[in-house]
Amino acid sequence: MSSKDRVIIFDTTLRDGEQSPGASMTGEEKLRIAKALERLRVDVIEAGFAIASPGDFAAVKAIADNIKDSTVCSLSRALDADIDRAAEALKGANSGRIHTFIATSPIHMQHKLRMQPDQVVEQAVHAVKRARNLCADVEFSCEDAGRSELDFLCRIIEAAIDAGARTINIPDTVGYAIPHQYAETIRQLLNRVPNADKAVFSVHCHNDLGLAVANSLAAVVAGARQVECTINGLGERAGNAALEEIVMAIKTRADLLGVYTNIDTPHILSTSRMVSGITGFPVQPNKAIVGANAFAHESGIHQDGVLKHRETYEIMSAQSVGWNTNKMVMGKHSGRAAFRSRLEELGITLAGEAELNAAFARFKELADKKHEIFDEDLQALVSDTLAEEAPEHFKLVTLEVASKTGEVPQAKVVVSVDGAEQHADAQGSGPVDAAFKAIEAIAASEASLQLYSVNAITQGTDSQGEVTVRLEKGGRIVNGNGADTDILVASAKAYINALNLMQAGAPKAHPQAADV
């Protein structure tokens, strides 16, 4: 296949994915994910919305300064201040892109922008020209294109391309499109816009009707050559098109679709798990490609068929997306070199010897509790280590929990607060509830618990439990993480990690004015 048959993969996990309520990430977490996306060979990484907050600007800048093999993109409204801020954040990028947008549907122009169509075209052209003067690579999006009038889309797209946009995005912002109708829209635009050959047409589909992937693939068949998507389908409301599903559909059905991507697919699973762990959004077991049951066979007929010939019931190999290939088992006799090597193979890069030493020490502690340590354990261990190295206003010293049939559970905790130990005990409806109430008696955070999630990292009763705790206070939402073979300890660690992030002023959910 020629280069014209390549589909550019534009990942917006760090921008649109972060708009999922509760999915806000720290700058360090964003950089970790960006490096994983680079390793996955994602073409374009939308790192954030630079003007949304100082934290978002810093994250976009850090990613632009550190990522070399992928294009780093910042979103901006069609406003001078947005565009200038995006350009400033991208100064250090090896390859940067400004992604500017304006709404084009009648309902958005009338009720949100309160502008006439002529004014919208004028502002779009001005924005693209300004962005092009600051950055060679400019993408223009027609927000709510799925509900826009085709004649107006043709007009504004032609003007944007003339102004210098080299990627044109046709987003189904509200997840309203149906595959055959969306494909026809792309086909009509490619045929009717006179200068369409000077730009790559892109699609960005939301999953409100469960059709984001189907709509994206239909658009590719119609001629779109960039797909905007997220890891695990993360995103606002019902989410976005899932990167792993788009990529593996293109790879598995190359016979029908006739296109390809540059994604290094064996890294899909590790990237999925990293995003899930950082955001606290678990992957459902029956999720395509990356769910725990994606390659599991319980039916006797299926098992017999797979044993005789894998392709009887599997349309792709588990190894092709990262299952089994990374199943090296480590234990208490594994050394530092093997530990470092395995982290590197998993795409995990630690900042220096201090972080490596801390992670290795935790690895040895875990090896005394758990005979076999798998890749999933290592990923959770590193996340837990980095969480503990965040500024620690609160630190768990001891936890004692008593739970007995017919009696009210009780918890006693000792928590270090800026180095001074404080004691508290509490009762609760369960042991976790009691532990949280005891910790809160010391912290007095007045934060409300939005989410408590527990996932077994591997199989077996000696598996580590990975706990996510989401706290909210005054509009700020933070996710705390903790992992341990003792689920009560993991829970307490996650709660305290969330309290520390809240204390440090961790980023709150974005006040972003638009959802492209």
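The values are calculated or read from the model by the stated rules, or taken from the named source; none is laboratory data. Note that the structure is predicted; figures quoted are calculated from it, not measured. As a convention, Cβ positions derive from the backbone with ideal geometry for all residues, glycine included, and neighbour counts pool all protein chains shown.
For the range 429-445, a residue qualifies if it is outside any helix (DSSP H, G or I) and under 18 Å from Ala494 (Cα atoms), and the qualifying residues are Gly430, Ala444, Ser445.
Going by the conditions given, is His371 modelled with pLDDT under 80, farther than 30 Å from Arg253 by Cα, in contact with a Gly (Cβ under 7 Å, 6 or more places away or on another chain) and in a loop (DSSP other than H, G, I, E, B)? Yes, satisfied. Looking only at residues in the range 193-223 that are outside any loop (DSSP other than H, G, I, E, B) and in contact with a Leu (Cβ under 8 Å, 6 or more places away or on another chain), the one that is nearest to Gly239 (Cα to Cα) is Cys205. Residue-level check: of (1) closer than 21 Å to Gln319 by Cα; (2) modelled with pLDDT of 90 or more; (3) in contact with a helix residue (DSSP H, G or I) (Cβ under 6 Å, 6 or more places away or on another chain), Gly235 misses just (1). Kindly indicate the residue of the range 255-294 that is among the small types (Gly, Ala, Ser) and free of Cβ contacts under 8 Å to residues at least 40 places away in the same chain and also surrounded by the most Cβ atoms within 10 Å (Cβ to Cβ) among those meeting that condition. Filtering the range 255-294 for residues that are among the small types (Gly, Ala, Ser) and free of Cβ contacts under 8 Å to residues at least 40 places away in the same chain, the one surrounded by the most Cβ atoms within 10 Å (Cβ to Cβ) comes out as Ala294.
If we scan the range 75-85, do we find a residue that is within 18 Å of Thr13 (Cβ to Cβ), under 17 Å from the mean Cα position of the chain (by Cα) and of a type outside the set (Phe, Trp, Tyr)? Taking every residue of the range 75-85 in turn, at least one turns out to be within 18 Å of Thr13 (Cβ to Cβ), under 17 Å from the mean Cα position of the chain (by Cα) and of a type outside the set (Phe, Trp, Tyr).
Yes or no: Ala136 surrounded by fewer than 19 Cβ atoms within 10 Å (Cβ to Cβ) and in a loop (DSSP other than H, G, I, E, B)? Spelling it out, Ala136 is indeed surrounded by fewer than 19 Cβ atoms within 10 Å (Cβ to Cβ) and in a loop (DSSP other than H, G, I, E, B).
Residue count for the range 1-59 satisfying the condition of being in a helix (DSSP H, G or I), more than 14 Å from Ser276 (Cα to Cα), charged (D, E, K, R) and touching a residue at least 40 places away in the same chain (Cβ under 8 Å): 6.
With among the acidic types (Asp, Glu), buried (at least 22 other Cβ atoms within 10 Å of the Cβ) and at pLDDT below 95 as the only criterion, which of Asp144, Asp172 stands out? Selected residue: Asp144, the only one of Asp144, Asp172 that is among the acidic types (Asp, Glu), buried (at least 22 other Cβ atoms within 10 Å of the Cβ) and at pLDDT below 95.
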